[in-house]
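Student: One structure is given below, represented as C-alpha cells, and several questions about it will come after.
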Amino acid sequence: MIEIRGVTKRYGPKVAVSDLNLSVPDGELFAFLGPNGAGKTTTIKMLCGLLFPTEGTVKVGGYDLRTQGDEARQLELRPRPAVPVRKAQWPRVLAVHL
Ligand SMILES: Nc1ncnc2c1ncn2[C@@H]1O[C@H](COP(=O)(O)OP(=O)(O)O)[C@@H](O)[C@H]1O
Ligand SMILES: [Mg+2]
C-alpha cells in the first residue's frame, strides 16, 4: 500500500511536486506517467526515502518514509510470478530507472 498525502517537494524555489495525493492499494497495477519535469523521479525518490517531502507524508505499508524508513524497507515486495524482492533493495533496483 502506497499513501501519498498532500506532498509538495521544492528544490529551493523550484516546486517539483505540488500537493500530490495518491493511494495505491496492495496488489494493484499502477501506471505512473507524465511528461518530462512532471515530478515522477522526485516522487519515486520520496517513496524510497532518498528524498523527503517539503510538506506532506509518504507512507509505504503504513510506514512513514520520513520516520520509519528502515521498517518500510524491511517489507517484502512480491512481483508476480517472480522471486520475492526485499524493499531494502529498492534504492538499488530503482536507481536503474531514475
Ligand atoms: N536536484 C534538483 N534541483 C533542482 N530542480 C530539480 C532537481 N531535480 C529535479 N528538479 C526539477 O523538478 C521538476 C521535476 O523533476 P523530476 O522529478 O525529475 O520530473 P520527471 O522525472 O517527471 O521528469 C523539474 O522541473 C526538474 O527540473
Ligand atoms: Mg524522471
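Throughout, read-outs are computed from the coordinates displayed, never taken from laboratory work. These figures come from a predicted structure and were not determined experimentally. Positions of Cβ are generated from backbone atoms using ideal geometry, with glycine treated the same way; all protein chains shown enter the neighbour counts.
Student: Starting from the range 25-79, pick out the GluC sites (Glu not before Pro) whose DSSP state is loop and whose Cβ has at most 15 other Cβ atoms within 10 Å.
Tutor: Glu28
Student: How far apart, in nm, are two points set 7 Å out from the Cα along the Cα-to-Cβ line at Phe52 and at Glu71?
Tutor: 1.6
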